[in-house]
1. Let me spell it out: the conditions are (1) buried (at least 18 other Cβ atoms within 10 Å of the Cβ); (2) touching a Cys at 6+ places or on another chain (Cβ under 8 Å), and Ala65 meets all of them except one. Which number is the exception?
2. Those residues that are free of Cβ contacts under 8 Å to residues at least 40 places away in the same chain and under 21 Å from Gly118 (Cβ atoms), I need them from the range 63-74; list them, please.
3. I need a count of the residues in the range 8-53 that are within 11 Å of Val129 (Cα to Cα), aliphatic (A, V, I, L, M) and outside any helix (DSSP H, G or I).
4. Does Leu77 qualify as being under 21 Å from Val113 (Cβ atoms), free of Cβ contacts under 8 Å to residues at least 24 places away in the same chain and surrounded by fewer than 19 Cβ atoms within 10 Å (Cβ to Cβ)?
5. Does Asp85 qualify as being over 23 Å from Asn17 (Cβ atoms), of a type in the set (Asp, Glu), modelled with pLDDT of 90 or more and not in a strand (DSSP E or B)?
6. Condition first: touching a helix residue (DSSP H, G or I) at 6+ places or on another chain (Cβ under 6 Å) and surrounded by fewer than 17 Cβ atoms within 10 Å (Cβ to Cβ). Now tell me which residues in the range 42-57 satisfy that.
7. Within the range 94-101, identify whether any single residue is over 16 Å from Trp137 (Cα atoms) and of a type in the set (Val, Ile, Thr), and answer yes or no.
8. Looking at the range 112-144, which of the residues that are among the small types (Gly, Ala, Ser) and within 15 Å of Trp35 (Cα to Cα) is modelled with the lowest pLDDT?
Amino acid sequence: MSSPTPCEDSLKLILENSPVGRVLPAIAQADLPNWWLAGGAVRNTVWRSLFGEACELVINDFDVAFFDLQGDRQQELDAKQRLTDQFPNYKFDVKNQSSFARWRAGRKPYSSVEEGVGDWLHTATAIGVRVNLLGEWQFSRLMD
């Protein structure tokens, strides 16, 4: 793993002592292939850290995107249930980007988690964060 950039170091400092930092190890243990936590949980935590309590953005849910060509909807539901059992006060949205088009009418199939997340409505939320089972942090700009 490469050395973190100064920006990644700053993001880690903001996120590790927040609800994001608390849920990341549990998501890693869910063993979802090529997973990333992205979306409003990451964005809102950073904005609130920068602008303080005057910033009214809060974490509504944790968007977990992953990519598994062999996966199915049950895999998503099982991971969501495990995370909800561990953190009953939080909401989780777990989506396999490879199967998204199968159950969401009118959506094109994705070939990677990056393509799926890059197609989200708000591309500012296409910043992903994850930790591995050793607790090492990774960040990605999840757009092709």
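1. (2)
2. Residues of the range 63-74 that are free of Cβ contacts under 8 Å to residues at least 40 places away in the same chain, as a first pass: 64, 68-74.
Once the filter is applied, which keeps residues that are free of Cβ contacts under 8 Å to residues at least 40 places away in the same chain and under 21 Å from Gly118 (Cβ atoms), the range 63-74 yields Val64, Asp68, Leu69, Gly71.
3. Total satisfying the criteria: 2.
4. Details: under 21 Å from Val113 (Cβ atoms): yes; free of Cβ contacts under 8 Å to residues at least 24 places away in the same chain: yes; surrounded by fewer than 19 Cβ atoms within 10 Å (Cβ to Cβ): yes.
So Leu77 passes the test.
5. Values: over 23 Å from Asn17 (Cβ atoms): yes; of a type in the set (Asp, Glu): yes; modelled with pLDDT of 90 or more: yes; not in a strand (DSSP E or B): yes.
Considered against the rule, which asks whether it is over 23 Å from Asn17 (Cβ atoms), of a type in the set (Asp, Glu), modelled with pLDDT of 90 or more and not in a strand (DSSP E or B), Asp85 comes out as yes.
6. Scanning the range 42-57 gives Ser49, Cys55, Leu57.
7. Checking the range 94-101: at least one residue is over 16 Å from Trp137 (Cα atoms) and of a type in the set (Val, Ile, Thr).
8. Within the range 112-144, the first condition is being among the small types (Gly, Ala, Ser), and the residues that meet it are 112, 116, 118, 124, 126, 128, 135, 140.
Those left that are additionally within 15 Å of Trp35 (Cα to Cα): 112, 116, 118, 126, 128, 135, 140.
On the way: Ser112: 86, Gly116: 80, Gly118: 75, Ala126: 64, Gly128: 86, Gly135: 92, Ser140: 83.
If we take residues in the range 112-144 being among the small types (Gly, Ala, Ser) and within 15 Å of Trp35 (Cα to Cα), then Ala126 is modelled with the lowest pLDDT.
The values are calculated or read from the model by the stated rules, or taken from the named source; none is laboratory data. Just so it is clear, the structure is predicted and the values come from calculations on it, not from any experiment. Backbone-built Cβ (ideal geometry, glycine too); neighbour counts: all protein chains shown.
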